[in-house]
Amino acid sequence: MEFPFDINTLFSERVSILDQTLVAGRKSAGRPDLQAHIATVIDELGRASAKAQQLTAPITSASKLQSQRHQLYLLKDAESNGGRGVVVGFLKVGYKKLFLLDLQGVHIETEPLCVLDFYIAENLQRHGYGQELFDFMLQHKNLEPVLMAYDRPSPKFLSFLAKHYCLTRSVPQVNNFVVFEGFFLNRSGLP
Ligand code: ACO
């Protein structure tokens, strides 16, 4: 995904972690011009993700990120676009209080880290970028994918989770979240 400004100026790292502040590293702190460009990137990514999932409205935007306690991991490729860089995709996560049915069908209250939105640019899908981003987030959060909940995962994302993390056996729920069997087996000490 190309933009009419230099992506490498905005995002110094290959993976940037954005939150409510819309600041990506020290460079954009106290720089409203750079923060406006970051907001443009997030809005564009959110629209593209919604389109890819055939959603009526984006679930990710700069204003939503500013008002919710979520984290957005943004992956760039620094060398493309004549050295100005391109945005490859993003992964948005956040903690949610959920009532989930365990393997016995008993309701339990939990607050797991949830995958809320995930998108890799169309022309770059199936090149391993999604896995790179997901693995970065797992390492940053020091978490196993089986301990996470997935908000309305698309067929592509379900295939991704099965392929890379062997997550295939989901436990039926009455909400839009998907969790897998190990979620209930490995929760000692977790909320
Ligand atoms: N059809 C089926 N499976 C796919 C497809 C596709 N078009 N694209 C990726 N996958 C799955 C497959 O398991 C694939 O393995 P395979 O090629 O051997 O079949 C695997 O992902 C490839 O892994 P990566 O290359 O690391 O994944 P990628 O970079 O493509 O990122 C992602 C995966 C984010 C799901 C991407 O395909 C995408 O953006 N899809 C469109 C948007 C979307 O559906 N996002 C998930 C929303 S749900 C949520 O966020 C909770």
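The values are calculated or read from the model by the stated rules, or taken from the named source; none is laboratory data. Since we're looking at a predicted model, the values are computed, not measured. Note that each Cβ is placed from the backbone with ideal geometry, even for glycine, and that neighbours are counted across all protein chains shown. To get the accessible areas, we keep the full protein, side chains included, count just its heavy atoms, and leave off ligands, DNA and RNA. Shrake-Rupley method; radii C 1.70, N 1.55, O 1.52, S 1.80 Å.
Filter the range 119-151 for residues that are within 19 Å of PRO58 (Cβ to Cβ), open to solvent by 40 Å² or more (accessible area, probe 1.4 Å) and in contact (Cβ under 8 Å) with a residue 60 or more places away in the chain and give the result. Listed by number, the list holds a single entry, GLU122. Counting the residues of the range 24-66 that are open to solvent by 60 Å² or more (accessible area, probe 1.4 Å) and more than 20 Å from TYR119 (Cβ to Cβ) gives 6. When the residues of the range 121-176 are filtered to those that are within 13 Å of the ligand (Cβ to nearest atom) and on the phi > 0 side of the Ramachandran plot, the one that is nearest to the chain's Cα centre (by Cα) is ARG152. Taken over the range 64-107, the criterion of being in contact (Cβ under 8 Å) with a residue 40 or more places away in the chain, of a type in the set (A, V, I, L, M, F, W, C), away from the ligand (no atom under 16 Å from the Cβ) and out of contact with any helix residue (DSSP H, G or I) (no Cβ under 6 Å at 6 or more places or on another chain) is satisfied by PHE99, LEU101. Among the residues of the range 41-96, just one is of a type in the set (S, T, N, Q), under 14 Å from the mean Cα position of the chain (by Cα) and in a helix (DSSP H, G or I), namely SER49.
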